[in-house]
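Just below is one structure, and these are the notes that go with it.
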Amino acid sequence: MAEAVSERVFTGLSAAKGLVIGTLVIEAAAHQGGRQAGSSPEERKALEDAIVLAGRELEALAAKAGDLGAEILEFQSALLEDEDFLALSFAKIEAGGPAHEAWATALDGEVAEYRAGDDDYFKARAEDLLDLKDRVLRSLFGTQTEAPAQMEKDTVLLAEDLTPSRFLELQGPSLRGAAILGGSPTGHVAILARAHGVPLVVGLNARLDSALHGAPAVLDAKAGKLIVAPGQDALAAAKDRLDALATDRRAWEDLIARPAVTGGGTAVQVSINLDDPALLDSLPPEHCDGIGLTRTEFLFSGGHLPGEDAQFGVYKRLLDWAAGRPVTIRTLDAGGDKPIPGVTPVGETNPFLGVRGLRLSLRHPEIFAVQLRALARAAALGPLKVMVPMVTVPDEMARVRVLLDRALADLAAAGIAHARPALGMMIEVPAAALNAGSFAADFFSIGSNDLVQYLTASARDNPAVASLADARNPAVLETIRRCVDAARAKGIEISLCGDMASDPDLLPLLLDCGLRSLSVAPAQLGPVKLAIHRQLGTGGRHG
Ligand code: PEP
Ligand code: MG
């Protein structure tokens, strides 16, 4: 640190929760200083070399990044091989521009177009383009892509922005947390930070002031706060909270491999939500009661439609991992916050209320039938449950059952091993929640993320209405209660797999609604099991 600085508090948005005390490391822009430009052929060659190097770096990163990271990098690697895309930059070089300017202006033009798309998919792609712009410029300027030399133990990184590939490069034991001036809680870096358990604040209201480099810092990513050079009180408060978190951690480490039971003796099933199968490599199946939600959208990354055998292979892998525990696989839930190019409709005024989830699958029987066949084949291998998203009226479930029956009959006719899986539905549309008793389903699972957004008319991806999208709203809790009552009256299982289930603070409310089965983010298994253990009394209406 150049000179002592006094306490300063900066605020932003929480993108990955967590609390760390560390040392502030400011990452300067990727490519500072000058670059001597040559003749047009020399500049073309310089750009070609930089592109080759960037491609190799992306390949190496993807190899160690896990499925989720590799999937995010795929779009960038594909662009580096897209001749039409590269032609823009080469044309600018032919016109006499230096390679770095040609590349930067071509990419800036593309970014502007993607940003004009104004939905999450296009915004995430703009983020990828900036990432690629940066990486090729680093190669051109000869700037290192390794972690900055000053990355110390317990680094809290402060940067203008952090691209997905840069995050993967820096990710490791030294990087304890990050705060960036740009970004969004729904962007790719935020997704990666949550998956890797790295606390992240985005949209930080600060300037990159080199005088702060090396200062002690507290990053309270849950509150979206960065405290630089914390005073005694702030530091003591952070240490107390870290101590309490460490005590909790020791407590849940003792509980995590055991079935969850409240202090009052009520058993609660705790399963996991799976967004990325790579996570299973580091998760012992004994820590949970199976998989309560598999978001199969990862199979369809980049608009690529997986074949029946590829899907069957993935479903088999999940069943093998679960070793006899139930595995719930949700059919494709594209659309809304999960667009898939080439599959989801473009130009809808409100994609969250449009052709998404089951509505889309029913319009694309050629995609849906492949998934149902793969699921029916996997059901022969273990306790597989099929779950359908965004169901609104009973007739939709009846149509799914007809399609499933057809898939089973086709497999039987072809002599291919198969079994009938349990067929359940998500309850995330208010019309389904209030009419749950009328649906023919083998089980229900409440999708509180969508249910809350539809009940409160507050988009789940709009931070400006985040305080209205409140899971504690009495209307939300009353709706959940009604769903639990409907499931009990029908004698079928009901679970909750939205983010509400992963928040230990909400656990007493969910038990009070009568829920006895939850599906949570893998990183929340311990904290949720601890909250269940600490719950005294009978644990709600149904004992
Ligand atoms: C939900 O809506 O709560 C849910 C679990 O599904 P997703 O978040 O994938 O829409
Ligand atoms: Mg949903």
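The values are calculated or read from the model by the stated rules, or taken from the named source; none is laboratory data. Not measured: the values here are computed from a predicted model. All Cβ positions, even for glycine, are placed from backbone atoms using ideal geometry, and neighbour counts span all protein chains on display. Ligands, DNA and RNA are stripped out before the accessible areas are found, and what is left, the full protein with its side chains, is counted by its heavy atoms. Shrake-Rupley method; radii C 1.70, N 1.55, O 1.52, S 1.80 Å.
When the convex hull of the Cα atoms of segment 271-398 is projected onto a plane and the area is averaged over all directions, what value comes out in nm²? Computing the convex hull of the Cα atoms and averaging its projections yields 8.0 nm². Ranked by the mean number of other Cβ atoms within 10 Å of their residues, highest first, the peptides 210-217, 135-142 fall in the order 135-142, 210-217. Across segment 40-140, the relative contact order, built from alpha-carbon pairs under 8 Å that are at least six residues apart, equals 36 percent.
Going through the cross-link list LYS17/LYS338; LYS64/LYS239; LYS64/LYS225; LYS64/LYS153; LYS316/LYS385; LYS225/LYS529, which pairs have a Cα-Cα distance over 24 Å in this structure?
Too far apart for the 24 Å limit: LYS64/LYS239; LYS64/LYS225; LYS225/LYS529.
On the principal axes of its alpha carbon atoms, segment 248-533 extends 52, 43, 38 Å, with the longest extent given first. The mean sequence separation of alpha-carbon pairs under 8 Å and at least six residues apart, normalised by the residue count of segment 248-533, gives a relative contact order of 21 percent.
The gain in end-to-end length when the ASP309 to ALA413 segment is fully stretched comes to 35.7 nm, 0.36 nm per residue minus the alpha carbon separation. When GLU428, GLU101 are compared by accessible area at a 1.4 angstrom probe, the order from most to least is GLU101, GLU428.
Counting 0.36 nm for each residue step from LEU536 to GLN36 and taking away their Cα separation leaves a gain of 173.0 nm. The simple Förster model, with R0 at 51 Å and r as the Cβ-Cβ distance, assigns ALA244 and GLU160 a FRET efficiency of 0.95. Placing a label point 7 Å from the Cα of THR11 along the Cα-to-Cβ direction, the residues of segment 465-484 whose backbone N falls under 17 Å from that point are 465-468. All other residues whose Cβ lies under 11 angstrom from that of GLY182 are scored, Lys and Arg at +1 and Asp and Glu at -1, for a net of -3. Size descriptors for segment 85-229: radius of gyration and Dmax over Cα atoms are 16.6, 51 Å. Ordered by 1.4 Å accessible area with all protein chains kept, ARG420, ARG176, ARG207, ARG481 run largest first as ARG207, ARG420, ARG176, ARG481. Let me test this: with uniform point scatterers at the alpha carbons of segment 37-102, what is the Debye-based log₁₀ I(q)/I(0) at q = 0.22, 0.23 1/Å? Results for segment 37-102 at q = 0.22, 0.23 Å⁻¹ read -0.85, -0.90.
In this structure ILE256 has an accessible area near 20 Å², from a 1.4 Å probe over the protein heavy atoms. When peptides 65-75, 191-201 are ranked by their average number of other Cβ atoms within 10 Å per residue, the highest-first order is 191-201, 65-75. LEU381 contributes about 90 Å² of solvent-accessible surface, heavy atoms of the protein only, 1.4 Å probe.
On the principal axes of its alpha carbon atoms, the chain extends 75, 62, 40 Å, with the longest extent given first.
Ordered by solvent-accessible area of protein heavy atoms (1.4 Å probe), largest first, the residues ARG516, ARG8 come out as ARG8, ARG516.
Accessible surface of the chain, 1.4 Å probe: 53 percent of it comes from carbon and sulfur atoms. Between the residues MET397, GLY415, LEU279, the greatest Cα displacement towards the positive end of the dipole of segment 248-533, with unit charges on the Cβ of Lys, Arg, Asp and Glu, is found for GLY415. Given R0 = 60 Å, the distance between the Cβ atoms of ASP320 and ALA28 translates into a calculated FRET efficiency of 0.80. Our summary gives segment 274-393 a relative contact order of 30 percent, counting only alpha carbon pairs under 8 angstrom and 6 or more residues apart. Taking a point 7 Å from the Cα of SER438 along the Cα-to-Cβ direction, the residues of segment 393-420 with backbone N closer than 18 Å to it are 393-401.
Stretched out straight at 0.36 nm per residue, the stretch from HIS287 to LEU235 would grow longer than its current Cα-Cα span by 15.3 nm.
Calculated [222 nm] ellipticity per residue, helices only, for the chain: -14000 deg cm²/dmol; basis is -39500 (n - 2.57) per DSSP H run with n ≥ 4, divided by all residues, nearest 500. In plain terms, the C-alpha convex hull of segment 467-543 casts an average shadow of 5.2 nm² when viewed from every direction. Only helices at least 18 Å long along their own axis, judged from Cα atoms, and with Kyte-Doolittle mean hydropathy of -0.5 or greater: name those in the chain from DSSP H. TM-like helix candidates: 40-64, 66-80, 99-116, 120-141, 308-322, 365-379, 394-414, 474-490. Within the shell of other residues whose beta carbon sits under 13 angstrom from the beta carbon of ALA278, the net charge comes to -3, with Lys and Arg scored +1 and Asp and Glu -1. Heavy-atom accessible area for TRP321, with the other protein chains in place and a 1.4 Å probe, reaches approximately 40 Å². In this rough spin-label picture, where each label sits 7 Å from Cα along the Cβ direction, the GLU348-GLU83 distance is 3.7 nm.
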